[in-house]
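The structure appears below as structure tokens.
The values are calculated or read from the model by the stated rules, or taken from the named source; none is laboratory data. Since this is a predicted model, take the numbers as computed values, not measurements. When we count neighbours, we look across all protein chains shown, and the Cβ atoms used for this are built from the backbone with ideal geometry, even at glycine. Keep in mind that these areas ignore ligands, DNA and RNA; they rest on the heavy atoms of the full protein, side chains included. Shrake-Rupley method; radii C 1.70, N 1.55, O 1.52, S 1.80 Å.
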Amino acid sequence: MSRKSHLRLECITEEALSDTQEAVGVGGWPDVQRLWHGYLGIHVGKIVGIFCILVAWASVPYLFAMTHMALIDRVLAPDAQGLLVASTREKALIYGLLLIFGLNMVLHTGNLLGHLVTSRLTLRIGQSVSLKLRERIYSRLDELQLTYFDRTQSGRIIARIQND
């Protein structure tokens, strides 16, 4: 093998390894800090809001169970003392059913609103971070010398931008 072909093989191998290492990434705490300070730190209020809404959202099924328990134990259960007359019992049943129905509708509405708000906030944060990353990538591409573009295939540059 000639010296020139050997050097070319080393360059190809080195380039492939660098691509693999960049694709895998180092990971760890410094990357998390850089991500937080560079992109996510300005969205602290939204992130805390999302977390609070998700905690409240997770409790909704338990609240549904409590309304069903109240429906069974307090509304549909027969009067143990037999003190209520029939018309009073029917009114209490109707009012109890309407109350439980109203509570369930409020819970469903809260559930849907929680889902809507968290989805919108998460989408906005993701779009903001994505926009900042793209701006940084393109500004870095503008800083590169023209020789980089001469020796690197355009498809490889585009693939790196889209995939990385």
Across segment 108-164, which residue is nearest to the chain's Cα centre (by Cα) among those that are among the β-branched types (V, I, T) and closer than 30 Å to A65 by Cα? T122
How many residues does segment 122-147 contain that are of a type in the set (F, W, Y) and out of contact with any helix residue (DSSP H, G or I) (no Cβ under 9 Å at 6 or more places or on another chain)? 0
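Conditions tested, residue by residue: (1) closer than 30 Å to D31 by Cβ; (2) open to solvent by less than 100 Å² (accessible area, probe 1.4 Å); (3) of a type in the set (S, T, Y).
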{"residue": "I53", "(1), (2), (3)": "yes, yes, no"}
{"residue": "P61", "(1), (2), (3)": "no, yes, no"}
{"residue": "Y95", "(1), (2), (3)": "no, no, yes"}
{"residue": "H115", "(1), (2), (3)": "no, yes, no"}
{"residue": "R151", "(1), (2), (3)": "yes, no, no"}
{"residue": "A159", "(1), (2), (3)": "yes, yes, no"}
Subset of segment 41-51, residues touching a residue at least 12 places away in the same chain (Cβ under 8 Å) and surrounded by fewer than 12 Cβ atoms within 10 Å (Cβ to Cβ), comes to none
Pairs needed: first member in segment 136-164, in contact (Cβ under 8 Å) with a residue 40 or more places away in the chain; second member anywhere, among the hydrophobic types (A, V, I, L, M, F, W, C); C-beta distance under 7 Å; at least 6 residues apart or different chains. D164/A23
Does I125 count as in a helix (DSSP H, G or I) and closer than 30 Å to I157 by Cα? yes
